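Q: My questions will all concern the structure given below.
The values are calculated or read from the model by the stated rules, or taken from the named source; none is laboratory data. Note that the structure is a prediction, hence the values are computed from the model and not measured. As a convention, Cβ positions derive from the backbone with ideal geometry for all residues, glycine included, and neighbour counts pool all protein chains shown. The area values use the complete protein model at the heavy-atom level, side chains included, leaving out ligands, DNA and RNA. Shrake-Rupley method; radii C 1.70, N 1.55, O 1.52, S 1.80 Å.
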Amino acid sequence: MAQFMDVRETAQYLNMSVQWVYREAPRAGLAPYRFGAGRNAKIQFKMSEVHAWLKQQKMDLG
């Protein structure tokens, strides 16, 4: 079973703001998952996808 992080946990893990996660993470390639409907929907991110995305951001400065 996949494990998920909510927006706040994702922001903390990435050292980014909650606002960045809502606005920019999907544009940057992180797919959000919506659980529920309407205003009470919960947005979460799959941990394995966040880890994989983070590895892709690695810069080679050498």
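Q: Which residue, Leu30, Ala41, Val7, has the largest displacement toward the positive end of the dipole of the chain when charges sit on each Cβ (Lys, Arg +1; Asp, Glu -1)?
A: Of Leu30, Ala41, Val7, it is Ala41.
Q: Normalised by the number of residues in the chain, what is the relative contact order in percent for Cα pairs under 8 Å and 6+ residues apart?
A: Values: 57 pairs, mean separation 23.1, N = 62.
Rounded, it is 37 percent for the chain.
Q: Taking amide H positions as placed 1.01 Å from N in the peptide plane, with prolines and chain starts having none, which residues 5 or more places from Phe4, or on another chain, fall under 5 Å of its amide H?
A: It is Met47, by chain and number.
Q: Can you give the percent of C-alpha pairs in the chain whose distance is more than 15 Å?
A: Working: 956 of 1891 pairs.
Result: 51 percent of Cα pairs exceed 15 Å.
Q: Let me ask something else. For Lys42, which aspartates and glutamates qualify as cross-link partners when the Cα separation must be under 14 Å and same-chain residues fewer than eight apart are set aside?
A: Leaving aside aspartates and glutamates fewer than 8 places away in the same chain, those within reach of Lys42 are Asp6, Glu9.
Q: With every protein chain kept in the model, how would you rank Arg34, Arg39 by accessible area, 1.4 Å probe, largest at the top? Walk me through the numbers on the way to the answer.
A: Numbers: Arg34 160, Arg39 240 Å².
So the residues, ranked largest to smallest area, are Arg39, Arg34.
Q: Once the piece of chain linking Arg39 and Leu54 is laid out straight, how much longer is it, given 0.36 nm per residue of separation minus the C-alpha distance between them?
A: Values: separation 15, 0.36 × 15 = 5.40 nm, distance 2.90 nm.
Difference between extended and current length: 2.5 nm.
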